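Enquirer: Once you've had a glance at the structure underneath, I'll fire off some questions.
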Amino acid sequence: MTPMHAPDPDFATDAQVPLPPLAHGRSCGCALHARRRLGGALIGSGALAALGLSTPAAAQATSPLAGQCRLSGFTKFVSADQIEQAAGQQYQQMLQQAAAQRGLAPSNHPQVQRLRYIAGRMIPLTAGCNARAQQWRWDVNLIGSPELNAFCMPGGKIAFYLGILAKLKLDDDEVAAIMGHEVAHALLEHSRENYAKTVATRGAIELGAALFGLGGAGATLANMGGQLLTLKFSRGNESEADALGLVLSASAGYRPEAGVSLWQKMLAASKGAPPQFLSTHPSGESRIQDIQSRLPNLAPVYAGAAKPARRFGPPAA
């Protein structure tokens, strides 16, 4: 893992205390990854109600996400349970490392509350895309690193890095655009798909072990979790996550146009960088054009969604 930077004083307290639960079924959010970094508030049944949040209207009707939720055939070659367990182990290791370096935001941090609120509006919608999401123990954390990064690991493990919120001065709609994209990767099981493709290149024996859970369980999960650190999403994965993520954020009541301003900020922040992210990701310009082309179809989704009752601002400078 990349070493943590100097801790933010706001991250210095309550770092190792489990974050309070949120929940499924009630309403309360990719980075734009060069590589998959694995970084909780556990969101379990009934907890969002404790926050005074209601289920978005879109969650009660036929999910508009359904048409965007086609899983790759490769996913059947690797156990979803194993992938999610391995991801959970890697996530906890990252949280422990962050806490040890006073880089894990406490539960009362304003940006943690912000992220949980936005996530809580999205999570009730996810079962309309992937039935497994109803059983995930969703986690939401903020890591005190200046990197422009965020992710949602298999099993609903969400983390944002402070840098992406502070340096880009993201509003709630832009945060929702990132979170929607990252959650979409998890719902579409892109890590499972890409791990299967990686294993398949090594021969049928290893593929069989991954499929049927053969071999030493501890070693298998450790190896799998380590590889999840370096898996890259393809251009196709990124485009799929963009499409689904926009529907998800719009359904949660956040402006889909924020995807455009988000990528404009990303382009400005990465000035001088190669035009393609890792050469496999759509360039910022093409991504913006693709998002703009989707906006007319997203307008009725956003118009029919319950809007957030609370609004938050970016971190103070």
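The values are calculated or read from the model by the stated rules, or taken from the named source; none is laboratory data. Bear in mind the structure is a predicted one, so any value in this text is a computation, not a measurement. Backbone-built Cβ (ideal geometry, glycine too); neighbour counts: all protein chains shown.
Enquirer: Can you pull out the residues in segment 281-291 that are crowded, with 20+ Cβ neighbours inside 10 Å and modelled with pLDDT of 80 or more?
Expert: Arg287, Ile291
Enquirer: Cβ contacts < 9 Å: first residue over 14 Å from Gln68 (Cα atoms), restricted to segment 117-139; second residue at pLDDT below 90 and of a type in the set (D, E, K, R), any location; separation 6+ or different chain. Result?
Expert: Close Cβ pairs (under 9 Å, with a partner that is at pLDDT below 90 and of a type in the set (D, E, K, R)) amount to Gly120/Arg26; Ile123/Arg26; Pro124/Arg26; Arg132/Glu84; Arg132/Glu189; Trp136/Glu84.
Enquirer: Is it the case that some residue within segment 199-216 is touching a Ser or Thr at 6+ places or on another chain (Cβ under 8 Å), among the basic types (Lys, Arg) and at pLDDT 50 or above?
Expert: Checked against the condition, which is being touching a Ser or Thr at 6+ places or on another chain (Cβ under 8 Å), among the basic types (Lys, Arg) and at pLDDT 50 or above, segment 199-216 yields no hits at all.
Enquirer: Here are some residues: Leu262, Leu278, Leu221. Which one is assigned to a helix (DSSP H, G or I), within 20 Å of the chain's Cα centre (by Cα), farther than 20 Å from Cys69 by Cα and at pLDDT below 55?
Expert: Values: Leu262 fails: at pLDDT below 55; Leu221 fails: within 20 Å of the chain's Cα centre (by Cα).
On inspection, the qualifying residue turns out to be Leu278.
Enquirer: Can you list residue pairs whose Cβ atoms sit under 7 Å apart, with the first residue in segment 233-253 being within 18 Å of Glu285 (Cα to Cα) and the second being among the aliphatic types (A, V, I, L, M) and outside any helix (DSSP H, G or I)? Count only pairs 6 or more apart in sequence or on different chains.
Expert: If the second residue must be among the aliphatic types (A, V, I, L, M) and outside any helix (DSSP H, G or I), the pairs left are Glu240/Leu188; Ala241/Leu188.
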